[in-house]
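Presented below is the structure to which this report refers.
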Amino acid sequence: MKESSRKQGAASPCAACKLLRRRCAQDCVFSPYFPADEPQKFANVHRVFGASNVNKMLQELPIHQRGDAVSSMVYEANARVRDPVYGCVGAISSLQQQIDVLQGQLALAQAEVVHLRVRHSTNFPGNGLCPDSPSSSGSPSSKQVSPQDNKGIFSHMDMVDEASLGESMWSC
């Protein structure tokens, strides 16, 4: 828990009391969480939640949970300042969309790898694609694929069942 400069001997009020233009009492509920040197932190929380509501929330919580509650309120308030309609839900939604795009790209890359392995194994039977095979080093340089093999990788992917490729790829 961060102590305010007011409690360390200086007469400076916490950021909340300074913004609210009131005297900062020794037992001020805001002072441990809104130090004088971080005025924007309380300003955003006050703008979104209101000082009275924040005061009530902090008073109702046990002291050991107040720091986490303030962190959550600060995060949500900052998100609401950036995106007044959606707040942190907008940020979460954006991140979820990024995850979905990246998972799609990963699935395509994995399908391409499977396709290349199957294609390579049909062109060169007995080439040691099994994980237990001593000739399977796993390094790209050990697998000799010509540039012509890379053309049209996805041209035949719609005709191939990826699940069956994954199963047949490791059956030695």
So, with points 7 Å from each Cα along the Cβ direction, the GLN40-ASP100 label distance in nm works out to 3.2 nm
Length gained, GLU112-ARG47, 0.36 nm per residue minus C-alpha separation, equals 18.3 nm
In debye to the nearest 20, the charge dipole size for the stretch 15-82, taken about the Cα centre with +1 at each Lys and Arg Cβ and -1 at each Asp and Glu Cβ, equals 340 debye
Under the rule rounded for a/c under 1.5, else prolate if a/b exceeds b/c, else oblate, using alpha carbon gyration tensor axes a ≥ b ≥ c, the stretch 15-82 is classed as oblate
Here the gain from full extension of CYS88 to SER71, 0.36 nm per residue of separation minus their alpha-carbon distance, amounts to 4.8 nm
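Read-outs: derived from the displayed coordinates by stated rules, not from any lab. Please read these numbers as outputs of a predicted model, since none were measured by experiment. Neighbour counts are summed over all protein chains in view; Cβ atoms, including those assigned to glycine, are modelled from backbone coordinates with ideal geometry.
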